[in-house]
Amino acid sequence: MKTNKKTLLLIASMFFFSLVIGQDNKIIIKTKEAKDTISRYIYGHFAEHLGRCIYDGIWVGEDTDIPNTRGIRNDVIDALKELDIPVLRWPGGCYADLYQWKDGIGPKDERPPIINKFWGDVREDNSFGTHEFLDLCEILETEPYLAINVGSGSIEDAYDWIEYVNSDKASPMADLRRKNGREDPWNVKFWGIGNENWGCGGNMTAAYYTDLYKRYATYCWAEYKVASGGLNHDYNWTETLLKGTKDVTHLIQGISYHHYTVCHTWDKKGSATDFDESEWFSTIRKNMEMEENLKGHIELFKQYDPDNKIALIADEWGNWHDPEPGTNPGFLYQQNTLRDAITASIYLNIFNNHADRVKMANIAQTVNVLQAMLLTQGNQIVKTPSFYIFKMYKVHHDALLLPTEVVCEDYINKENSIPALSVSASKNEGLIHITVANVNPNKEIATILALEGIEEYKVISSEIITANEMNAYNDFGKEEAVYLKKFDDLKQKNQNITVTLPPKSIVLVTLQTK
Ligand code: AHR
């Protein structure tokens, strides 16, 4: 990193200032080094046919007392609208490589059912299919991102699906769509070619999938095709894909990346709500470690794609806890606490800070599954702490990333330590937005925000998400415990603002430049 004279002066003055006020946390916001836009697609979501995400969570059908629009829950529509969801991925996940899209179109009473072998072995009646999903996207004004079945499907099926959804010609598939009540094509831009094809998507090797990807992509006439990536540290998968598609880059616009955090191990992940401080720490440490892992993939992208044509797409991410006791373990239903809000803020800060390469991300999942935005029970709905992070972070959608330099104390737990702060900042139409999490559950932290390169500005608002308990969560029939509120513990003095972040909190500061 280059440090110029001005920066040195700023650091020196902040050091002096820190001595005076007795703290040494500072965030330098480099307003003159901004170059990358934070794609709004980083704020994408993922809805799979898994447990009660689609059926019950989004889709209740028209024949119910739960208020709905053409079968889609109105409370879910209203809540998701608050998030301005830019893109929604469907139908999976593992389910994508099982899904027969042709069984999900036409008159509902003629649709053959499917047994969801991956998730709970339950029977689904296919009443929620292509038309219903794309209706949801139109209602939410969100862009659909469809995942094609590679594992158990065929290229012909994939070709037909794209034709059915996007063609305006008098072709057999477009005519079938018209017969099923939809005249205009939906013009879906984003198409994923399979999902986790190293595992539930067919247990393939990287080389085999790369060849298969090229076959599929050749016959999938779609604007934006995403190859299915490897898991966490599987650099070999990423490298094989990048190398193998080097001469056909017109066939690949993105490579997906999945990253889940488990507190303990995959076999015993840990409770979503019943955890102690060492589990709080372990989860957050693993969330933060994701950055190094992501950087490893980005290095490969830089090597094989120096012109930055292929996007890194984190189309599944989040905390994965043990299912709630008493629920179907195949349904992956988990509660969502302040810890998950901190997690969401860390992941989103990291994605923002790598906006040059990360062009889309989709948290898993939208309703009732894993790190959900919303939980439903009968006709009740709960907005989770993670929901409020997505609401708070809307300010970063398509904003210009402002690089930050963070000098902060550590949060120490036994013999381990991690940085106590996680930060990202952006600029949009004269407004600067800084989102910062204090991950230490025991200590308030006063930090200086220093704007490098801007002489005059004023704080115009500030918001916070926090709670008294680490495991505070929102529950049915109870007053919300974790939500977005106004915050005012900040002081401006010349070029510096001092923010006093309460323990375990996430704060958004909005400044107006003059
Ligand atoms: O999100 C749950 C599952 O996690 C998805 O179906 C799969 O892609 C991943 O392993």
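For the range 352-400, the set of residues classified as outside any loop (DSSP other than H, G, I, E, B), open to solvent by 10 Å² or more (accessible area, probe 1.4 Å) and either farther than 20 Å from Ala341 by Cα or not assigned by TED's automatic domain parsing to the domain that holds Gly61 (or both) consists of Lys359, Gln377, Gln380, Leu400, listed by residue number. When the range 273-321 is examined, which residues are found to be among the acidic types (Asp, Glu) and more than 27 Å from Trp90 (Cα to Cα)? Selection gives Asp274, Asp276, Glu277, Glu279, Glu289, Glu292, Glu299, Asp305, Asp307. Remark: pairs (first residue in the range 156-181, closer than 23 Å to Phe128 by Cβ; second residue surrounded by fewer than 17 Cβ atoms within 10 Å (Cβ to Cβ) and of a type in the set (A, V, I, L, M, F, W, C); Cβ separation under 7 Å; 6+ apart in sequence or on different chains) = Ile162/Trp221; Tyr164/Leu176.
Among the residues of the range 301-329, those identified as more than 30 Å from Pro441 (Cβ to Cβ) and open to solvent by less than 20 Å² (accessible area, probe 1.4 Å) are Phe301, Asp305, Ile310, Ala311, Leu312, Ile313, Asp315. The residue list Leu431, Leu490, Leu451 contains one member that is of a type in the set (A, V, I, L, M) and either touching a Cys at 6+ places or on another chain (Cβ under 9 Å) or at pLDDT 95 or above (or both), which is Leu431. Applying the set (1) under 18 Å from the mean Cα position of the chain (by Cα); (2) open to solvent by 20 Å² or more (accessible area, probe 1.4 Å); (3) within 16 Å of the ligand (Cβ to nearest atom) to Asp84 leaves exactly one unmet item: (3). The residue list Ile29, Ile21 contains one member that is on the phi < 0 side of the Ramachandran plot and either surrounded by 18 or more Cβ atoms within 10 Å (Cβ to Cβ) or at pLDDT 85 or above (or both), which is Ile29.
Scanning the range 198-230 for residues that are touching a residue at least 40 places away in the same chain (Cβ under 8 Å), open to solvent by 10 Å² or more (accessible area, probe 1.4 Å) and away from the ligand (no atom under 14 Å from the Cβ) returns Leu212, Arg215, Tyr219, Trp221, Ala222. Restricting attention to the range 401-415, the residues that are among the polar types (S, T, N, Q), in contact with a strand residue (DSSP E or B) (Cβ under 9 Å, 6 or more places away or on another chain) and closer than 15 Å to Arg285 by Cα add up to 0. Among the residues making up the range 413-455, those that are in a loop (DSSP other than H, G, I, E, B) and among the β-branched types (Val, Ile, Thr) are Val439, Ile454.
The set of residues from the range 456-514 being part of a strand (DSSP E or B), within 30 Å of Gly378 (Cβ to Cβ) and open to solvent by 70 Å² or more (accessible area, probe 1.4 Å) comprises Tyr473, Lys485. Can you confirm whether Asp340 is within 16 Å of the ligand (Cβ to nearest atom) and either under 17 Å from His259 (Cα atoms) or touching a Leu at 6+ places or on another chain (Cβ under 9 Å) (or both)? So Asp340 passes the test. Filtered by the rule that a residue be open to solvent by less than 50 Å² (accessible area, probe 1.4 Å) and within 26 Å of the chain's Cα centre (by Cα), the range 410-428 gives Tyr411, Ile418, Ala420, Leu421, Ser422, Val423, Ser424, Ala425, Ser426. Residue count for the range 183-197, restricted to those that are away from the ligand (no atom under 14 Å from the Cβ), open to solvent by less than 10 Å² (accessible area, probe 1.4 Å) and polar (S, T, N, Q): 0.
The values are calculated or read from the model by the stated rules, or taken from the named source; none is laboratory data. Because the structure is predicted, anything quoted here is derived from the model rather than measured. Because the Cβ atoms are built from the backbone with ideal geometry, glycine has one as well, and the counts that use them run over all protein chains shown. Keep in mind that these areas ignore ligands, DNA and RNA; they rest on the heavy atoms of the full protein, side chains included. Shrake-Rupley method; radii C 1.70, N 1.55, O 1.52, S 1.80 Å.
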